[in-house]
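In what follows, a structure is listed as structure tokens, so that the remarks can point back to it.
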Amino acid sequence: MEPPDIERLDERTVQRIAAGEVVERPASVVKELVENSLDAGASRVAVSVESGGTEGIRVRDDGVGIPADQLEAAVAEHATSKIGDIEDLDRGVATLGFRGEALYTVGAVSRLTVRSRPPDAEAGAEITVAGGDVGEVRPAGCPAGTTVEVDDLFYNTPAREKFLKRTATEFDHVNTVLTGYALANPDVAVSLEHDGRETFATEGNGDLRSAVLAVYGREVAESMIDVDWTPERKEDADGSADDDAPVKRVTGLVSHPETARSTRDYLSTYVNGRYVTASALREATLDAYGGQLAPDRYPFAVLFVEVPAGDVDVNVHPRKLEVRFDEEPAVREAVETAVEEALLDHGLIRSTAPRG
Ligand code: ADP
Ligand code: MG
């Protein structure tokens with residue numbers, strides 16, 4: 001057989017293939033848009049979705065906004081206001097986004113509208129992108145902040161559209177993701193609406209328990225106990241504190257062992273304020289409960305782990321929320337101890353022999 005010719009893919013094809021790497025389903029779009037709102041310093045983020053997000057997603061915030069003359073850049077490839085070069089990344093990024101590809105990517109596989117007005121601008125403006133075709137910037141009346149609308153996700157990528165699950169399943173993913181951000185940011189009023197009906201709305205009053213009440217309801221909120229752990233400070237010979245501890249602090253809330261569900265979805269973990277899924281953190285939390293959980297039952301937990309900025313790699317994969325720790329065993333140990341101590345304090349587990 002003759003070897004086939006090797007040809008460069010056209011730009012549109014490359015764009016759509018790349019899009020699939022970042023945007024897998026409506027929940028991934030919600031994740032990206034909400035991260036943008038939080039990076040923009042919003043104090044309110046209102047998300048509404050239709051049909052689980054497959055037909056429409058709208059995220060409105062009251063953040064810094066995007067000036068009209070920046071709208072084109074905002075939807076362009078690899079365009080970001082958040083880092084300048086790779087050294088910025090090595091120093092540890094404070095923003096949730098930094099790749100400058102979310103809006104570009106979403107615009108490639110949907111009908112995207114970004115409408116914005118910085119608080120001190122007199123008028124707002126909007127730009128639309130349909131399947132990668134970028135339209136003109138037009139004036140638009142809008143409140144201060146940014147509204148991003150994503151309609152007909154994957155309308156031009158049928159292969160991907162086919163993989164979407166039932167509306168209810170897609171909505172569950174959206175709900176889980178948004179809940180994660182709402183709990184991480186109790187000082188931001190986060191709300192979710194599905195087909196016109198409110199799913200939850202946090203107050204944004206800065207109180208984690210109040211945010212838990214808003215998303216999980218009263219029974220769960222009332223069964224939550226506080227976790228607050230810091231490592232014992234080792235003093236050096238000269239009396240100065242040892243600040244190299246691999247875990248600086250573990251805080252948050254965990255539920256009474258009897259307030260458990262049959263899914264792990266209610267174990268939310270954060271590293272340096274970033275919402276992550278790290279199986280090490282979940283396992284450590286579960287281990288702390290010892291034998292107190294019924295079989296196949298999982299508690300509610302909202303746990304914030306602080307580690308030195310350079311000890312965690314957040315640059316693993318744009319779509320995934322996974323992180324890698326330099327000192328995973330130490331992180332695991334700290335989380336387990338933190339949760340164990342809280343449960344012990346409340347007499348919810350029995351003391352075990354001190355670990356060596
Ligand atoms: P990244 O977040 O990685 O920078 P995005 O494609 O998500 O890339 O966004 C591109 C740029 O558009 C951001 O760097 C930011 O300047 C601007 N932007 C996007 N969403 C918002 C928003 N909600 N409020 C203000 N600026 C935004
Ligand atoms: Mg972004």
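Does the stretch 281-340 hold any residues that are among the hydrophobic types (A, V, I, L, M, F, W, C) and at pLDDT below 80, and which are they?
Residues satisfying the conditions are 309, 312, 314, 316, 321, 323.
Can you tell me which residue in the stretch 13-58 is nearest to ligand 2 (Cβ to nearest atom), limited to those that are among the polar types (S, T, N, Q) and outside any loop (DSSP other than H, G, I, E, B)?
Selected residue: 36.
Residue by residue, here is whether (1) more than 8 Å from ligand 1 (Cβ to nearest atom); (2) at pLDDT below 90; (3) of a type in the set (A, V, I, L, M, F, W, C) holds:
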position	(1), (2), (3)
69	yes, no, no
82	no, yes, no
87	yes, yes, no
92	yes, yes, no
109	yes, no, yes
113	yes, no, no
129	yes, no, yes
140	yes, no, yes
152	yes, no, no
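Only one residue in 50, 11 is out of contact with any Gly (no Cβ under 8 Å at 6 or more places or on another chain) and within 30 Å of residue 162 (Cβ to Cβ), so which one is that?
Matching residue, one of 50, 11: 11.
Being in contact with an Asp or Glu (Cβ under 8 Å, 6 or more places away or on another chain) and touching a residue at least 12 places away in the same chain (Cβ under 8 Å) narrows it down to one of 140, 130, 108, 74, so name that one.
140
Within the stretch 277-317, work out how many residues are over 17 Å from residue 341 (Cβ atoms), of a type in the set (Asp, Glu) and assigned to a helix (DSSP H, G or I).
Residues meeting the conditions: 2.
Could you tell me whether the stretch 271-278 includes any residue that is at pLDDT 90 or above and in contact with a Ser or Thr (Cβ under 9 Å, 6 or more places away or on another chain)?
no
Looking at (1) aliphatic (A, V, I, L, M); (2) within 11 Å of ligand 2 (Cβ to nearest atom); (3) in a loop (DSSP other than H, G, I, E, B), which is the one condition that is false for residue 83?
(2) is the only condition that residue 83 fails.
Within the stretch 110-162, which residues are in contact with a strand residue (DSSP E or B) (Cβ under 8 Å, 6 or more places away or on another chain), closer than 23 Å to residue 24 by Cα and acidic (Asp, Glu)?
149, 151, 152, listed by residue number.
Among the numbered criteria (1) under 16 Å from residue 223 (Cβ atoms); (2) in contact with a Leu (Cβ under 7 Å, 6 or more places away or on another chain), which single criterion is violated by residue 266?
(2)
Could you tell me which of the residues 251, 263 is in contact with a Phe, Trp or Tyr (Cβ under 7 Å, 6 or more places away or on another chain) and within 27 Å of residue 50 (Cα to Cα)?
Answer to the selection: 263.
The values are calculated or read from the model by the stated rules, or taken from the named source; none is laboratory data. If you're wondering where the values come from, they're calculated on a predicted model, not measured in any experiment. Heads up, the Cβs are rebuilt from the backbone with ideal geometry, glycines too, and the neighbour counts pull from every protein chain shown.
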